[in-house]
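**Student:** Here's a structure for you.
The values are calculated or read from the model by the stated rules, or taken from the named source; none is laboratory data. What you see is a predicted model; the values in this text were computed from it and never measured. Note that we place each Cβ from the backbone using ideal geometry, even for glycine, and neighbour counts take in every protein chain shown. In case anyone asks, the SASA skips ligands and DNA or RNA and just uses the protein heavy atoms, side chains included. Shrake-Rupley method; radii C 1.70, N 1.55, O 1.52, S 1.80 Å.
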Amino acid sequence: QVELVESGGGLVQPGGSLRLSCATSGFTFSSYVLSWYRQAPGKQRELVAVVSPTDTTNYSNLVKGRFTIARDNAKRAVYLQMNGLRPDDTGVYYCHIRHDPINYWGQGTQVTVSS
């Protein structure tokens, strides 16, 4: 079955960097669009970044220029490099794929940006 496991979250000061990883199994990795979402306390889950099977990327305007999504088909992993972190980047970050009609999510990894 599909499994998504995020890691790499933590506490970081404003302006700092983190690299999130998502290890996957149970589906044909190279064929799927892969996404990172995040959910801040009291807010709806929002799309952060997307990478297509052909490495086309798209970003939320809130993170464009600061975050980079990348995939490694050989390792079946997707990454989110986050630079210039701000307190409003705080939240739980989730890896996501959609295998119609089901949305699959990992358990999430907490990112806290605070001084």
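**Student:** Per residue, how much accessible area does the chain show when a 1.4 Å probe rolls over the protein heavy atoms, in square angstrom?
**Tutor:** Per residue, the chain has 53 Å² of solvent-accessible surface.
**Student:** Springs between alpha-carbon pairs under 10 angstrom, Gaussian network model over the chain: which of 89, 100, 55 fluctuates most?
**Tutor:** It is 100.
**Student:** Further question: Just flag the chymotrypsin sites (Phe, Trp or Tyr not before Pro) in the range 1-74 sitting in loop per DSSP whose Cβ has no more than 12 other Cβ atoms within 10 Å.
**Tutor:** none
**Student:** Can you give the charge dipole size of the range 69-109 about its Cα centre, rounded to the nearest 20 debye, using +1 on the beta carbon of Lys and Arg and -1 on the beta carbon of Asp and Glu?
**Tutor:** So the magnitude is around 160 debye.
**Student:** On the protein heavy atoms, probe 1.4 angstrom, tell me the percent of accessible surface of the chain carried by carbon and sulfur.
**Tutor:** 49
**Student:** What do you get for Rg/Rh of the chain when both radii come from the Cα atoms and Rh is the Kirkwood radius?
**Tutor:** Working: Rg = 13.4 Å, Rh = 14.1 Å.
With Rh from the inverse mean 1/r over Cα pairs, Rg/Rh is 0.95.
**Student:** Note down the relative contact order for the range 1-93 as a percent, whole number, built from C-alpha pairs under 8 angstrom at least six residues apart.
**Tutor:** 33
**Student:** Which residue, 44, 13, 81, has the most motion in a Gaussian network model of the chain that connects Cα atoms within less than 10 Å?
**Tutor:** 44
**Student:** In debye, nearest 20, what is the charge dipole magnitude of the chain about its Cα centre with +1 on Lys and Arg Cβ and -1 on Asp and Glu Cβ, if you could check?
**Tutor:** Dipole about the Cα centre, nearest 20: 160 debye.
**Student:** Now for a separate question. Would you kindly state the longest site-free stretch of the chain, with sites defined as trypsin sites (Lys or Arg not before Pro) in a DSSP loop (not H, G, I, E, B) surrounded by at most 16 other Cβ atoms within 10 Å?
**Tutor:** Values: sites that count: 43, 45, 64, 66, 75, 76.
Result, exposed sites excluded: 1-42.
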